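Here's the structure, in structure tokens; my notes come after.
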Amino acid sequence: MTTQLDNMYRDLILDHYEHPRNCHELSNVNSSEEGFNPLCGDHVDINFEQKDGKITDISVCTKGCAICTASGSIMSDILKGHSVEETDRLVKEVKAYLKGERDIEISNWPPSLQALSGVRKFPIRIKCALLPWTTAELALQNQTKQK
Amino acid sequence: MLERFRKDFPVLENNPGLTYLDSAASTQKPAVVLEKMDHFYRFDYANIHRGLYNLSERATASYEAARTRIAEFIGTAVPESLVFTRNATESLNLIAATIGEQIVHKGDEIIVSVMEHHANFVPWQQLAARKDAKLKVVGIDRKTLELDMAALESAITGKTRFVCCTMASNVLGTTPNVAKISKLAKKHGALTVFDAAQFVPHHKLDISTFDPDFLVLSGHKMLAVDGFGVLYGKPEHLAAMPPYMTGGDMIENVTIEKTTYSEPPQKFEAGTPFMGGAISLHAAIDYLENIGLDRIQEHESALAKLADEKLRAIGKVKLYRKPEHIHNGILPFNIEGIHPHDVATILGDMDICVRAGHHCAQPLIHFMGEMAMVRASFYLYNTEKDVDRLIAGIQKTLEVFHK
Ligand SMILES: Cc1ncc(COP(=O)(O)O)c(C=O)c1O
Ligand SMILES: [Zn+2]
């Protein structure tokens, strides 16, 4: 096996795939969005609970491959407690990084988020990792529009 | 057994170490097919049916010779019953948009099987929606993966206008009994549309034995180049159908007020066609028949059964049916707890090409209770070594996922 493959399917990623975090009912849903990856059938369902510009709770439920599921699970762990503004910035940064659009310093990212970097060597799988993030971005946009 | 033919395929020669198990998506091309095409463009090329000079006549003759050869190959003595298209998808859309529009009315029924490729599903679903007609979907037996003939029998009525069915499922390899389907449809006055795209590469086809109304295929799945397909239609249907597209090459007479159309098949071949595609399919058929479709089917089925047996021995692999129901090289499977895309990525990293996903057959994948499947498809150029490499790849996949 190439190290690139090793690097994508790290134990941390596999752990998030086997035990995805934060797929649960929220008492209050302030914004939500569903995302599909038509190519491979990945499906993600995201709900946010917000209060005073902060994300107080999040639910991410994924049906899909290891990369998509792990990416959504990792995202759900990280976004909780952030302000909506910070979240939006982080989501955009992660998207740009995964797509390789520009050089982004990731050493200050949480280790779990850094673990997603392995996917960059597998162009067709980048979409899988991106799906939860683009869906989260849409969910937050929906919410801003509703206001 | 067919090992010696492998060297005929430049892509396999130029990619040593490649295990190509995605022929159901598209086959590789033998050198002779590419050479015949190349020769045509170097020696005989001009636009057809137009030029009053020798070169154009030669080009036309080559193009029409392909029609005659393909007709003979599928079992009809009437070359004019073959319309050349871009692919099976276009052929199916042509049927739905012409005779489909003509004969389907409100309250009528169209029957499809649940294992259709989207190409033989969506055009009918959309036609039914446009006409306020009913789309009836016939299932399959979950154990044998064979078409549920009893369900078809109870679904068909005097209101059924079309029965549209694959001749070989691109996901399961299932080959429905087309003679029975055809007979049943005739009894109820329904027309049959058979999707042979996945059948012709692997099985001998003789339409004279079941007399379909329409049948489609795609050249690229049977060693010819991509972008060339065929529609067979019974001459009386083709004669009564309106054109699909209009323009050059399909008219008899055009005045400012009105246009009359050519006879079939020209009526359905508007514009300059893909001549090289026709040449390539002619050459591909010669190549296939030289080996013999019986031998090809036997060879690829044996490989699929061997793979089935070895995957079973690993355990943790879901194989959906018993080996005795394998009739060609198409082998769908899943690994417990590992998504097909991850399987395909890990195999792909080892240069083993398989398909993963819904295979353009979402209703079927759903019916089978899955989100996606892995499919290995074996063809004449695959060997036992390819089976071994697939097994090694699956073992690696299990390792990566600590299973
Ligand atoms: C059974 C079947 N029908 C139709 C098609 C569509 O063929 P094409 O994409 O060449 O139009 C395919 C291709 O995958 C197929 O497997
Ligand atoms: Zn995916």
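Miscellaneous remarks
- Of the listed requirements (1) farther than 20 Å from B:GLN297 by Cα; (2) among the basic types (Lys, Arg); (3) more than 10 Å from chain A (Cβ to nearest Cβ), B:LYS396 misses just one: (3).
- Residue in the stretch B:210-224 that is touching a Cys at 6+ places or on another chain (Cβ under 7 Å) and either surrounded by 17 or more Cβ atoms within 10 Å (Cβ to Cβ) or not polar (S, T, N, Q) (or both) present: no
- Unmet requirement for B:GLY357, which otherwise passes all of (1) within 14 Å of chain A (Cβ to nearest Cβ); (2) modelled with pLDDT of 95 or more: (2)
- Test for A:LEU5: is it surrounded by fewer than 19 Cβ atoms within 10 Å (Cβ to Cβ), within 14 Å of another protein chain (Cβ to nearest Cβ) and within 16 Å of ligand 1 (Cβ to nearest atom): no
- Counted residues, the stretch B:218-264 - those being hydroxyl-bearing (Ser, Thr, Tyr), in a strand (DSSP E or B) and either away from ligand 1 (no atom under 14 Å from the Cβ) or within 14 Å of chain A (Cβ to nearest Cβ) (or both): 4
- Restricted to strands (runs of 3 or more DSSP E) entirely inside the stretch A:25-142, those with at least 2 residues that are within 23 Å of A:ASN7 (Cα to Cα) and within 14 Å of chain B (Cβ to nearest Cβ) are A:54-63.
This table checks each residue for (1) away from ligand 1 (no atom under 16 Å from the Cβ); (2) within 30 Å of B:ARG389 (Cβ to Cβ); (3) in a helix (DSSP H, G or I).
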site: B:SER26; (1), (2), (3): no, yes, no
site: B:LYS29; (1), (2), (3): no, yes, no
site: B:LEU34; (1), (2), (3): yes, yes, yes
site: B:HIS39; (1), (2), (3): yes, no, yes
site: B:ILE48; (1), (2), (3): yes, no, no
site: B:SER62; (1), (2), (3): yes, no, yes
site: B:ALA65; (1), (2), (3): yes, no, yes
site: B:GLU72; (1), (2), (3): yes, no, yes
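- Positions within the stretch A:24-36 being surrounded by 19 or more Cβ atoms within 10 Å (Cβ to Cβ) and within 16 Å of the chain's Cα centre (by Cα), in sequence order: A:SER31, A:GLU33, A:GLY35
- Positions within the stretch B:164-188 being crowded, with 23+ Cβ neighbours inside 10 Å and either within 12 Å of ligand 1 (Cβ to nearest atom) or part of a loop (DSSP other than H, G, I, E, B) (or both), in sequence order: B:CYS164, B:CYS165, B:THR166, B:MET167, B:ALA168, B:SER169, B:ASN170, B:VAL171, B:LEU172, B:GLY173, B:THR174, B:PRO176
- Contacts under 8 angstrom Cβ, first residue in the stretch B:164-187 being outside the structural domain of B:ASP206 (by TED's automatic domain parsing), partner buried (at least 19 other Cβ atoms within 10 Å of the Cβ) and at pLDDT 95 or above, 6 or more apart: none
- Across the stretch B:362-381, the qualifying residues are those that are crowded, with 22+ Cβ neighbours inside 10 Å, out of contact with any Asp or Glu (no Cβ under 7 Å at 6 or more places or on another chain) and more than 12 Å from chain A (Cβ to nearest Cβ), and the one among them that is farthest from B:ARG6 (Cα to Cα) is B:LEU364.
- Selected residue (only one of B:LEU127, B:LEU135 is outside any strand (DSSP E or B) and either in contact with a strand residue (DSSP E or B) (Cβ under 8 Å, 6 or more places away or on another chain) or closer than 28 Å to B:PHE73 by Cα (or both)): B:LEU127
- In the stretch A:96-147, residue nearest to the chain's Cα centre (by Cα) [restricted to those that are charged (D, E, K, R) and within 16 Å of ligand 2 (Cβ to nearest atom)]: A:LYS127
The values are calculated or read from the model by the stated rules, or taken from the named source; none is laboratory data. Bear in mind that the values here come from a model prediction, so they are computed numbers and not experimental data. Don't worry about glycine lacking a Cβ; one is built from the backbone with ideal geometry, like all the others, and counts go over all protein chains shown.
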